[in-house]
Amino acid sequence: MEDRVITGELVKLVQDMAHRFGEERSRLLEARGQRRELFRQGQVERLEETAHIRQAVWKVDPVPAELLERRVELLGGCSKQEIIEGMNCGAKSYIADLWGLTLGDPASILKAHRNLERLVDGQLHYVDGHGERVRVNPASTTRILFAPRPLLATEPSVRDQGAPVPASFFDLAVFASYNAVKLRVRQGGVYLYLHGVHGHGEARLWKRLFEYLEESLGLPRGTFRATVFLDSLAGALEADEILFELDHYSAGLALDPQQYVVDHILLFSAPDRAVLPDREHIGLNQHILRSLSLMAISVCHKRQAHAIGAPAFTLPPDERGRTRTGWLEMIADKEREAVDGHDGTIVAHPGLVNPAMTEFNKSMPRSHQMYYERPDRSKPSDLVQRPTGTITTEGLVGAIRTVLAALAAREQGSAKVEHGGRSHDRGSIRLSTLLLWSWTRSSHGIVTDTGLEIHDELISYLIKKEAGKMLGRTEAGTRTAAMLIAAILSPTPPNDLLN
């Protein structure tokens with residue numbers, strides 16, 4: 001695809017990255033699969049060969065002064081309106097997410113990169129419903145953080161030896177080439193969030209990518225600072241090692257509970273195994289997620305890195321002031337994160353910034369809480385303890401509606417999904433899909449209050465029924481329903497429906 005972003009110089013840079021690091025990426029992805037197989041066999045332990053790193057006394061490079069205050073960060077997509085509203089809402093940072101909240105087709109990815117370039121150049125604007133041109137407030141002090149696609153994804157806009165290049169290489173090269181020098185002046189560095197880092201080997205690869213780009217683009221060492229989402233069991237068990245490998249590129253760890261639970265389902269689902277409850281019962285106070293949160297705080301503060309709390313996806317009160325389902329739970333979650341010792345948190349709607357800020361202001365008088373070192377008493381078994389609760393009829397139907405809404409939005413060229421009183425990212429859609437799949441496949445998939453067995457015929461009927469209600473009896477509605485039915489009835493875990 002031809003685009004002004006993809007210059008000959010950029011293509012050469014990305015292809016060079018693929019030549020240098022492509023084989024290492026492939027080996028790491030293969031090793032990832034091998035370790036996941038050990039987890040499935042019940043070998044859930046921290047690595048013996050890296051015990052010396054966990055036991056040693058060391059700290060990451062000091063967090064830059066420009067990144068020290070991270071009380072509330074807003075997670076969003078890369079459309080013009082999302083970026084501008086994110087930069088104007090009062091959050092400490094806006095996280096432009098190219099994976100969880102952006103469509104993955106080449107045209108959408110390139111458009112996102114162009115929008116981010118214009119933002120950094122001060123040229124981004126959109127026209128609102130009243131015909132007014134809206135720009136970023138010149139007085140805004142909000143930083144821009146960037147979340148590239150993970151190592152597993154590929155990008156067909158640039159090819160190397162006939163194959164698509166790794167999407168993470170492409171995103172990092174484009175963002176750094178166009179924005180790194182300006183961001184060093186504006187906010188002290190290039191600040192990133194990394195999805196899907198399954199251990200220290202993958203963290204080391206990211207470090208090597210940063211080093212290569214700094215050398216290639218003439219940037220000082222440490223220009224890049226990355227916060228890693230804990231979104232897999234492997235990543236959680238190697239939290240110390242990930243910080244150690246990133247070293248002077250580390251900015252801390254953040255929680256991604258939805259993707260973490262997705263990882264749990266993918267690892268530990270079987271027809272004869274107990275299933276998880278519906279998603280309304282998988283809250284941050286469940287033992288598995290509470291253990292992950294406290295462990296992250298302990299590890300990060302021991303190493304003098306930020307521990308960032310979990311994203312909140314609840315929608316704010318409507319125009320009449322009526323609160324949505326989960327509002328009070330969201331407030332309680334933010335209060336608990338601040339009291340426990342997190343250095344900041346993430347929200348996914350501008351209307352949540354002030355409520356979350358209020359909770360952290362009450363409990364975090366300084367710019368961070370790295371001075372508070374919480375002892376880590378978690379065991380590997382705590383990080384895989386199955387969430388408990390019921391499967392309700394509302395939870396079953398709600399999961400179906402959530403996935404249908406996301407697939408319909410994608411058909412219309414939109415990555416934004418607001419449904420059931422909350423917004424949804426890729427991890428949320430994946431969680432609903434895999435819950436439906438696991439319930440249908442397992443002999444324990446039974447609606448708790450009625451005793452109704454969730455089987456193939458029932459799930460197919462419900463999907464068709466809800467698709468008819470939401471999308472009408474149209475070709476698109478029929479196609480969407482068929483896609484979801486095929487995924488749920490798959491004998492193996494279905495692929496990500498948003499790919």
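Cβ crowding within 10 Å ranks GLU215, GLU155 as GLU215, GLU155, fewest other Cβ atoms first.
Length gained on full extension, ARG322 to GLU48, computed as 0.36 nm times the residue gap minus the Cα-Cα distance: 93.4 nm.
Its Cα gyration tensor gives region 181-313 an equivalent ellipsoid; the semi-axes, largest first and in whole Å, are 31, 15, 13. Dipole orientation for the chain: of the candidates PRO317, ILE331, LEU217, PRO317 has the Cα lying most toward the positive pole (charges on Cβ; Lys, Arg +1; Asp, Glu -1).
Membrane-span-like helices in the chain, defined here as complete DSSP H runs extending at least 15 Å along the helix axis by their C-alpha atoms with mean Kyte-Doolittle hydropathy no lower than -0.5, are 106-121, 167-187, 257-268, 287-302, 393-411, 426-441, 456-471, 475-488; this is a sequence and geometry rule, not a statement about a membrane. Under a 5 Å amide H cut-off, with hydrogens placed 1.01 Å from N, VAL190 pairs with PHE224, ARG225 among residues at least 5 apart or on other chains. Over every Cα atom in region 375-499, the radius of gyration and the widest Cα-Cα span, Dmax, amount to 15.7, 57 Å. Only DSSP H runs of four or more residues enter the estimate; each adds -39500 (n - 2.57), and after division by the residues of the chain the mean residue ellipticity at 222 nm equals -15000 deg cm²/dmol. The slack between ARG4 and GLU475, meaning 0.36 nm per residue of separation minus the straight C-alpha distance, is 166.0 nm.
Answer rounded, prolate or oblate for region 163-227, using the Cα gyration tensor with square roots of eigenvalues a ≥ b ≥ c: rounded when a/c is under 1.5, else prolate when a/b is larger than b/c, else oblate. Prolate. In the chain, taking the dipole from charged Cβ atoms about the Cα centre, the farthest positive-side position among LEU29, THR392, SER460 is held by THR392. Exposure proxy for GLU359, GLU48: other Cβ atoms within 10 Å of each Cβ, ordered fewest to most, give GLU48, GLU359. Quick one: which of LYS92/LYS464; LYS207/LYS379; LYS334/LYS416 span more than 32 angstrom between C-alpha atoms? Where the Cα-Cα span goes over 32 Å, the pairs concerned are LYS92/LYS464.
Packing-based ranking of 305-312, 276-283, 33-40, 464-471 yields 305-312, 276-283, 464-471, 33-40, ordered from highest to lowest mean Cβ neighbour count within 10 Å.
Take the Cα of THR448, go 7 Å toward its beta carbon, and the backbone nitrogen atoms of region 281-306 under 19 Å from that spot belong to 281-290. Indicate the gyration tensor shape class of region 316-422 (rounded, prolate or oblate), computed on the Cα atoms with a ≥ b ≥ c the square roots of the eigenvalues: a/c under 1.5 is rounded; otherwise a/b larger than b/c is prolate and the rest oblate. Taking the square roots of the gyration eigenvalues as a ≥ b ≥ c, region 316-422 is oblate. Placing unit charges on the Cβ atoms only, positive for Lys and Arg and negative for Asp and Glu, gives region 390-488 a dipole magnitude near 320 debye about its Cα centre. Here are a few candidate values for Kirkwood radius over Cα pairs in Å: [x] 24.0; [y] 24.8; [z] 23.2. Which one was actually calculated from the structure I just gave you? So the structure-derived entry is [z]. A Förster radius of 25 Å, combined with the Cβ-Cβ distance separating ALA274 from GLU329, puts the computed FRET efficiency at roughly 0.55. Take every DSSP beta bridge whose two residues both sit in the chain; close to 30 percent of them are antiparallel. Taken about its Cα centre, the chain carries a charge dipole of about 540 debye when Lys and Arg each add +1 at the Cβ and Asp and Glu each add -1 at the Cβ. With a ≥ b ≥ c the root eigenvalues of the C-alpha gyration tensor of region 335-397, is it rounded (a/c under 1.5), prolate (a/b larger than b/c) or oblate? Oblate. Arranged from fewest to most other beta-carbon atoms within 10 Å of their beta carbon, CYS300, CYS78 become CYS78, CYS300.
No value in this document is a laboratory result; all are computed from the given coordinates. Note that the structure is a prediction, hence the values are computed from the model and not measured. Please note: Cβ atoms are built from the backbone with ideal geometry, for glycine as well, and neighbour counts cover all protein chains shown.
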